[in-house]
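Data block below; observations after.
The values are calculated or read from the model by the stated rules, or taken from the named source; none is laboratory data. What you are looking at is a predicted structure, and each value in this text was computed from that prediction instead of being measured. Glycine gets a Cβ as well: all are built from the backbone with ideal geometry, and neighbour counts include every protein chain shown.
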Amino acid sequence: MSNKINIGLYGYGVVGESLHHVLKHSKTVDARVSKICVKQKDKKRSLAEDWFTYNKEDIINDNNINLVVELIDDADEAYDIVKRCLQNKKSVVSGNKKMLAHHLDELIALQERTGMALLYEASACGSIPIIRNIEEYYDNDLLKSITGILNGSSNYILSKMFNEGLDYDTALKQAQDLGFAESNPSLDVDGFDSLYKIIIIATHALGTYVKPDEIFNYGISNISDEDIQYAKEKNLKIKLIAQLIKLDEESFTMFVIPLLVKPGKYIYNVEEEYNGVVIQGEFYDKQFMFGKGAGGFPTGSAVLSDITARSHNYKYEYKKQKYFKKLNYRTDHEIEIYLRYNSIEDLSYFKFENITEKYSGQEYNYVVGKITLSNLLKLKFILPKLDVFLAYIRN
């Protein structure tokens, strides 16, 4: 593409405004925002009115714009914008992980047909360049697992609960006040944000796309003081993690779940709004990546990195899809979990393969045992209604 980049920007929220600021102070790329499309006409903004349009067609059909940056919350609208821009011979940078997680296989095929590029580093781990590293450095068949704290909002909440003794509601309110969590925080605290990110990462890491409904995800919204107490008594912390595991040469699995973390593990000391990702390989053992996972400037910097990459005509090659055998996704994998519950009725939903520890008390009850992901997946949409909390115990 031309070294001079004229950007059509969709969305001018926290990340959009941060990107505009970062671009003005960047010396690495000849790029400027030409036009910004927003929805609300009466919202007070830091730029003059003539920067903005309220019609998405004004960017899609502008021949002077040679790169579109999509940073809106609405996944359906984002999908329409990205698809039409690619069809209209405009490359796109996107940060919308929900949209990507639901449509990535289609959008990969669309890039192939149009010759355009879709980059989305900001969708996966905030400021951590995980996707490009997997594409370029881990473009071999030696990768065994990826374990990551992929959501800065949930990690901030858990840090405040463990380190400062805050209750869940107070810690959540702090995260919302700081702009780390939305007014409706379900996307973050119920594990959907991490789910969407691990789907994107897995597509590059192993070459197989899996639909969101086929993967178990469970968050921290039901966590209680008793769960914090249990972890502290065991000298552990609770972190919301996404995990991808290559089970053998033919198959893999992945899931999102709170993890009881031992001291000495890389992610044990990842606190506040930071993300941390551990990549394990056949011969290089474990490598750790760390960085801010929430906030306007970290995410805006990741978007800038994609803009700079496009100035050099960079595009994802999807090497694992093109050059390696496709792996099968499985859910029959057993994991060990801690399950805190109040009623026997709630416990009856869980079909444990075996139970190794059991406690009954006046305040709460818990069991520790092994269960298949397929059983948990059947409960995915029931779990939020049960008075339970579960966490993964990994050896």
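Scanning region 4-19 for residues being part of a strand (DSSP E or B) and among the polar types (S, T, N, Q) gives a total of 1. Filtered by the rule that a residue be assigned to a loop (DSSP other than H, G, I, E, B) and more than 20 Å from M161 (Cβ to Cβ), region 248-268 gives D248, E249, E250, G264.
To keep it simple, each residue is scored yes or no on (1) farther than 30 Å from E226 by Cβ; (2) modelled with pLDDT of 95 or more; (3) not assigned by TED's automatic domain parsing to the domain that holds R113.
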{"site": "P263", "(1), (2), (3)": "no, yes, yes"}
{"site": "I267", "(1), (2), (3)": "no, yes, yes"}
{"site": "V278", "(1), (2), (3)": "no, yes, yes"}
{"site": "D306", "(1), (2), (3)": "yes, no, yes"}
{"site": "Y316", "(1), (2), (3)": "yes, yes, yes"}
{"site": "Y341", "(1), (2), (3)": "no, yes, yes"}
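For L71, are the conditions met, namely being in contact with a helix residue (DSSP H, G or I) (Cβ under 8 Å, 6 or more places away or on another chain) and surrounded by fewer than 22 Cβ atoms within 10 Å (Cβ to Cβ)? For L71, the condition - in contact with a helix residue (DSSP H, G or I) (Cβ under 8 Å, 6 or more places away or on another chain) and surrounded by fewer than 22 Cβ atoms within 10 Å (Cβ to Cβ) - is not met. Being part of a strand (DSSP E or B) and surrounded by fewer than 21 Cβ atoms within 10 Å (Cβ to Cβ) is the requirement here; does I245 meet it? Yes, satisfied.
I'm trying to understand the selection: among the residues of region 108-137, which are hydroxyl-bearing (S, T, Y) and under 19 Å from D188 (Cβ atoms)?
Going residue by residue through region 108-137, those that are hydroxyl-bearing (S, T, Y) are 114, 120, 123, 127, 137.
Of everything in region 108-137, those that are hydroxyl-bearing (S, T, Y) and under 19 Å from D188 (Cβ atoms) turn out to be Y120, S123, S127.
D141 meets each of the listed conditions (1) assigned to a helix (DSSP H, G or I); (2) not assigned by TED's automatic domain parsing to the domain that holds L19 apart from (1). The set of residues in region 1-50 being aromatic (F, W, Y) and surrounded by fewer than 20 Cβ atoms within 10 Å (Cβ to Cβ) is empty. The residues of region 20-47 that are within 16 Å of F297 (Cβ to Cβ) and in a loop (DSSP other than H, G, I, E, B), listed by number, are S26, T28, S46.
Yes or no: A181 assigned to a helix (DSSP H, G or I), among the small types (G, A, S) and crowded, with 23+ Cβ neighbours inside 10 Å?
Spelling it out, it is not the case that A181 is assigned to a helix (DSSP H, G or I), among the small types (G, A, S) and crowded, with 23+ Cβ neighbours inside 10 Å.
Say we look at region 184-208 and pick out the residues that are in a helix (DSSP H, G or I) and acidic (D, E); which of these is farthest from C125 (Cα to Cα)? Taking the candidates together, the pick is D188.
Pairing residues of region 247-258 that are in contact (Cβ under 8 Å) with a residue 40 or more places away in the chain with residues that are assigned to a strand (DSSP E or B) and of a type in the set (A, V, I, L, M, F, W, C), at Cβ distances under 6 Å and at least 6 apart in sequence or on separate chains, gives T253/I245; M254/L244; F255/F216; V256/A242; P258/I238; P258/L240; P258/A391.
Here is a yes/no grid of residues against (1) closer than 20 Å to S123 by Cβ; (2) among the acidic types (D, E); (3) free of Cβ contacts under 8 Å to residues at least 12 places away in the same chain:
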site: L244; (1), (2), (3): yes, no, no
site: P263; (1), (2), (3): no, no, no
site: E271; (1), (2), (3): no, yes, no
site: Q280; (1), (2), (3): no, no, no
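Of all positions in region 171-181, at least one carries a residue that is over 17 Å from I238 (Cα atoms) and charged (D, E, K, R). Taken across region 16-30, residues that are out of contact with any strand residue (DSSP E or B) (no Cβ under 8 Å at 6 or more places or on another chain), of a type in the set (A, V, I, L, M, F, W, C) and without any contact (Cβ under 8 Å) to a residue 12 or more places away in the chain do not occur at all. Among residues of region 247-303 being over 14 Å from the mean Cα position of the chain (by Cα) and β-branched (V, I, T), the one that is farthest from H21 (Cα to Cα) is T253. Every condition in (1) under 17 Å from the mean Cα position of the chain (by Cα); (2) closer than 24 Å to P384 by Cβ; (3) surrounded by 24 or more Cβ atoms within 10 Å (Cβ to Cβ) holds for V210 except the one numbered (3).
For the subset of region 1-37 comprising residues that are basic (K, R) and modelled with pLDDT under 85, which member is nearest to E182 (Cα to Cα)? If we take residues in region 1-37 being basic (K, R) and modelled with pLDDT under 85, then K24 is nearest to E182 (Cα to Cα).
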